[in-house]
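What follows is one structure encoded as structure tokens, with my remarks underneath.
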Amino acid sequence: MIATGSDARIPAIDGLDGDPRRRPGRRGGRSVLRRFGAHVTIVEHGERLLAREDPAVGELIAQRPCDEGIELRLGAKAVAVSRREGKRVVRLEGGGEVSGRELRVATGRAPRVHGIGVETVGIQADAQGLMIDERCRAADRVWAIEDVTGVLPFTHVGMYKGRITAADIAGRSVRADYTAIPRVVSSDPEVAAVGLTGSQAREQGIAVATARVALADAIARPWTYEQNPRGELGLIADRDREVLVGAWAVAPMAGEWIHYAALAIKTKTPISVLRDTVAQFPTFTEAYLKGVESLEL
Ligand SMILES: Cc1cc2nc3c(=O)[nH]c(=O)nc-3n(C[C@H](O)[C@H](O)[C@H](O)COP(=O)(O)OP(=O)(O)OC[C@H]3O[C@@H](n4cnc5c(N)ncnc54)[C@H](O)[C@@H]3O)c2cc1C
């Protein structure tokens, strides 16, 4: 079983090679630094943050850095890095630069597939990682799990693939199902999503209905957890089958209560059942009722 993980993906930026650029990753790094008083600038090539999620998620998560005084440079591509007067200077495409004492590079991870001899057992490795089937098999009697496969590189998915592999080795008939895997960003506020985004659902030919609710309106006692309640829940439903196919939340503890949607998506729970399900007061989970009621099916 191959589980060699991944390495930080270093983009081809002039001058980056000579930089002592690797630092241990720290969650919520930008906000922590800002709260200690540092001036923080985020340079992002894409037009929005978290481009793989629904556009609303990127908008909501961008709001907070701006409120905190973090400068957000969207649609800005870093093309060169240099040092000047004790600072690191990042030059941007089309002119302009950003400078600071510390430079953090967070441009994703690449499966660790080279130098381990996978080709000697007939496996072709590319930049996407080792290709596996539904039983996590990469070749005859070779299994591969987690980041090295490039499929949903999260710890919990690694554990799931480990269970699938163990069951397959033990001769049990199993197939991995990735339809309802939670994806959480441990930011402040937290971002959580599961299932399809609206555009992924449309691309699959699903007749989509969506709902977007503000938690301050959707739950009975929003100030239980925060003085100024914030956050939103989004739902993506299949009108024909009347089931949820996706959900997202940008809110406190979203990584906890997204599992309600994960189970509904995984088990294809009818929306009529969700409408008739009672959530504990006062919790964020209450927002699902308002969400499913707002869906135009
Ligand atoms: C900063 C950061 C924060 C993260 N936070 C989260 C999170 O909150 N939640 C989440 O779900 N995921 C998180 N992840 C992702 C998560 O860490 C990975 O998805 C998970 O660790 C992948 O497990 P893995 O077994 O594939 O690789 P790893 O855990 O990296 O293990 C790979 C192991 O293989 C060893 N190895 C490599 N090459 C060889 C070789 N040739 N021979 C022998 N051993 C070898 C390595 O030394 C390493 O010990 C985070 C990742 C980072 C970088």
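The values are calculated or read from the model by the stated rules, or taken from the named source; none is laboratory data. Given the structure is predicted, the values throughout are model-derived calculations rather than measurements. Heads up, the Cβs are rebuilt from the backbone with ideal geometry, glycines too, and the neighbour counts pull from every protein chain shown.
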Among the residues of segment 58-105, write down those that are small (G, A, S) and assigned to a strand (DSSP E or B).
A78, A80, S82, S99, G100
Note on segment 150-169: residues crowded, with 21+ Cβ neighbours inside 10 Å, modelled with pLDDT of 95 or more and of a type outside the set (S, T, Y) are K161, I164
Given the condition within 20 Å of the chain's Cα centre (by Cα) and under 16 Å from G58 (Cβ atoms), answer yes or no: does some residue in segment 211-226 qualify?
yes
Looking at D126, D147, can you tell me which residue is among the acidic types (D, E), within 16 Å of the ligand (Cβ to nearest atom) and either surrounded by 14 or more Cβ atoms within 10 Å (Cβ to Cβ) or not assigned by TED's automatic domain parsing to the domain that holds G255 (or both)?
D147
Entirely in segment 229-297, the helices (runs of 4 or more DSSP H) that have 3 or more residues that are at pLDDT 95 or above and touching a Lys or Arg at 6+ places or on another chain (Cβ under 8 Å)
287-294
So which residues in segment 52-74 are of a type in the set (G, A, S) and either buried (at least 16 other Cβ atoms within 10 Å of the Cβ) or at pLDDT 95 or above (or both), if there are any at all?
A56, G58, A62
So is E119 over 25 Å from the mean Cα position of the chain (by Cα), of a type in the set (D, E) and either under 22 Å from R34 (Cα atoms) or not in a loop (DSSP other than H, G, I, E, B) (or both) or not?
yes
If you check A220, A237, which single one turns out to be surrounded by fewer than 16 Cβ atoms within 10 Å (Cβ to Cβ), touching a helix residue (DSSP H, G or I) at 6+ places or on another chain (Cβ under 7 Å) and either over 18 Å from S187 (Cα atoms) or touching a residue at least 60 places away in the same chain (Cβ under 8 Å) (or both)?
A220
Here is a check on your reading of the model: is R22 modelled with pLDDT under 90, charged (D, E, K, R) and within 16 Å of the ligand (Cβ to nearest atom)?
yes
Might you check whether a residue that is in contact with a Pro (Cβ under 6 Å, 6 or more places away or on another chain) and surrounded by 19 or more Cβ atoms within 10 Å (Cβ to Cβ) occurs anywhere in segment 82-103?
no
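Counting just the residues of segment 150-161 that are in a loop (DSSP other than H, G, I, E, B) and either free of Cβ contacts under 8 Å to residues at least 24 places away in the same chain or within 9 Å of the ligand (Cβ to nearest atom) (or both), which one comes out farthest from V121 (Cα to Cα)?
F154
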Might you let me know whether segment 194-209 holds any residue that is within 14 Å of the ligand (Cβ to nearest atom) and surrounded by 12 or more Cβ atoms within 10 Å (Cβ to Cβ)?
yes
